[in-house]
Amino acid sequence: MKSFKFKANKRNDFGKGFARRIRSAGQVPAILYSKGAKPLHISLPSHEMALSLKSHNALYEIEIDGQSLLAIVKDAQRDPVGTVLEHIDFLSVNKGEKIRTSVDVRISGTPVPGLTHLQELQTILVKADPTALPEFISGSVEGFEEGHNLFVRDLEVPGGVEVVTDQDLPVAIVFEPKEEIIETPADEEAAEGDEEAAEGAEESDKSDKKDQTGDKSAGEKGGDKSGGEKGGAEADKKSDEKSDSKK
């Protein structure tokens, strides 16, 4: 693990206005919490402190009024853009006294060809001496086949570090990725054209059926008319025959 040494200044003034003045002077306001003691309000060099935060679980030796205290960062607050370090919370620690904290998990290696992995756990909880806290804990999926997952128990934990997280939790899952079909604008236009053609064919079928129904109806009407004319002719013929008989 990495360690840093800073000289801090005590501050007795508080409030947003005072904090802005501290930041304008190149300092960052902070609070150092200690077990069984009152919190100490301090300020530290902002730029150097921001650089040190790139190292996870680093150990800080903070000198205040000639007294040195060991501490770790519990929380660091930045502005919404993430460029300005606004405030830091420290936790005072002692050598030989184990503490609990989270540690990043880093996965290396690649599964067999055709497979990939998905990391399920980004951090795990560990217990260790402040001087032995690892910056991260590693795990490998090199050569893993489908169904062969990486669990907490498989991680490479350095000596002196006790893992608190459940050992049976999966850290990384190995699987075969499904092929994703991405439609291009040309495919979408072709699909729309097919839908329009189908709709046109359906309308045409409906029109043809309507025409056929109309023809049939016209035929039936024509048949009725012809039958009526024939019936009338026969009635006239019978009338003439009766007339001749009377004569």
Original post:
If Pro170 satisfies every condition in (1) over 22 Å from the mean Cα position of the chain (by Cα); (2) in contact (Cβ under 8 Å) with a residue 40 or more places away in the chain but one, which is the exception?
Top reply: (1)
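Picking from Glu135, Glu145, Glu156, Glu162, which residue would you name as being in contact (Cβ under 8 Å) with a residue 60 or more places away in the chain and surrounded by fewer than 13 Cβ atoms within 10 Å (Cβ to Cβ)?
It is Glu162.
For every residue, the table says whether it meets (1) within 30 Å of Phe151 (Cβ to Cβ); (2) touching a Lys or Arg at 6+ places or on another chain (Cβ under 7 Å); (3) outside the structural domain of Gly143 (by TED's automatic domain parsing); (4) not basic (Lys, Arg).
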| position | (1), (2), (3), (4) |
| --- | --- |
| Lys7 | no, no, yes, no |
| Ser43 | no, yes, yes, yes |
| Leu59 | yes, no, yes, yes |
| Gln77 | no, no, yes, yes |
| His87 | no, no, yes, yes |
| Thr110 | yes, no, no, yes |
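The values are calculated or read from the model by the stated rules, or taken from the named source; none is laboratory data. From a predicted model like this one, the values you see are computed outputs, not experimental measurements. Methodologically, a virtual Cβ is constructed for each residue, glycine included, from the backbone with ideal geometry; neighbour enumeration extends over all protein chains shown.
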